[in-house]
């Protein structure tokens with residue numbers, strides 16, 4: 001299961017209007033630490049299928065959403081519940097940290 005691809009165009013529909021929790025990985029192709037957590041995000045996409053939306057947003061191609069949420073360093077993971085920002089993780093962290101924060105939204 002691959003993570004969803006969030007964009008400036010679909011963010012409101014896919015994330016802010018979602019009835020299940022959403023994890024958004026803000027990343028860029030040139031970002032080394034982003035590549036480090038990419039496999040974790042892919043695993044989570046499979047593990048949470050049907051329970052939460054797991055996706056990525058390329059900050060270079062989608063500056064609108066990144067600016068809206070003040071993303072200044074990547075990777076940054078934002079977790080949304082009921083369309084509102086519920087939690088945030090900045091930097092490459094172990095899978096357990098991400099899982100703990102995501103599970104807190106259920």
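Please treat every number below as a calculation from the coordinates, not as lab data. Keep in mind the model is a prediction, meaning the values are calculated, not measured. Reconstructed Cβ throughout: ideal geometry from the backbone, glycine too, with neighbour counts over all protein chains shown.
Summary table
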| quantity | calculated |
| --- | --- |
| Pairwise FRET efficiency - residue 19 versus residue 43, Cβ, R0 = 25 Å, nearest 0.05 | 0.60 |
| Pair residue 60, residue 100: separation of 7 Å Cα→Cβ label points (nm) | 3.3 |
| Residue order, fewest to most beta carbons within 10 Å, for 69, 106 | 106, 69 |
| The chain - mean residue ellipticity at 222 nm from DSSP helices (-39,500 (n - 2.57) per run, n ≥ 4, rounded to 500) | -8500 deg cm²/dmol |
| Ranked 95, 56, criterion: other C-beta atoms within 10 Å, fewest first | 95, 56 |
